[in-house]
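The values are calculated or read from the model by the stated rules, or taken from the named source; none is laboratory data. Worth saying up front: this structure is predicted, and the values here are computed from it rather than measured. Each accessible area value is taken on the protein alone, full model and side chains, heavy atoms only, with ligands, DNA and RNA left out. Shrake-Rupley method; radii C 1.70, N 1.55, O 1.52, S 1.80 Å.
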Amino acid sequence: MEQKIAEILAELCGVEPEEIQPELELFEEGLLDSFAAIQLVMELEEAFGVSLDMASLPRERIATPAAIAALIREKQG
């Protein structure tokens, strides 16, 4: 799962997957903005078969790759 998340983030952010470390602060580093966050959520939903409500999703839930992985695990039950 973490590898797939890194691949999705790398594609969206225009970096190499190996640059995506678990605790990388995606917003603070300027890799994600609100538009990219929407794209990210759509990609995650498609890749992992989960439903994420962007309106009720606090930014900190997708602030780092590790947080994203925890969110996906939670949604997959």
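Compute the helix-to-body angle for 2-13: its Cα long axis versus the longest principal axis of the chain, expressed 0 to 90° and rounded to tens.
For helix 2-13, the angle is close to 60 degrees.
Starting from the Kirkwood Rh over alpha-carbon pairs, what translational D in µm² s⁻¹ does the chain have by Stokes-Einstein at 10 °C and 1.306 mPa s?
Calculated translational D: 131 µm²/s.
Per residue, what accessible area does the chain have, given a 1.4 Å probe and all protein chains present, in Å²? Numbers along the way, then the final one.
Details: 4630 Å² over 77 residues.
Normalised by residue count, the accessible surface of the chain is 60 Å².
How high is the relative contact order of the chain, given as a whole-number percent (alpha carbon pairs under 8 Å, six or more residues apart)?
Details: 66 pairs, mean separation 27.8, N = 77.
It comes to 36 percent, rounded to a whole number.
With a 1.4 Å probe and every protein chain kept in, tell me what percent of the accessible surface of segment 31-77 is carbon plus sulfur.
The nonpolar share, carbon plus sulfur, comes to 50 percent.
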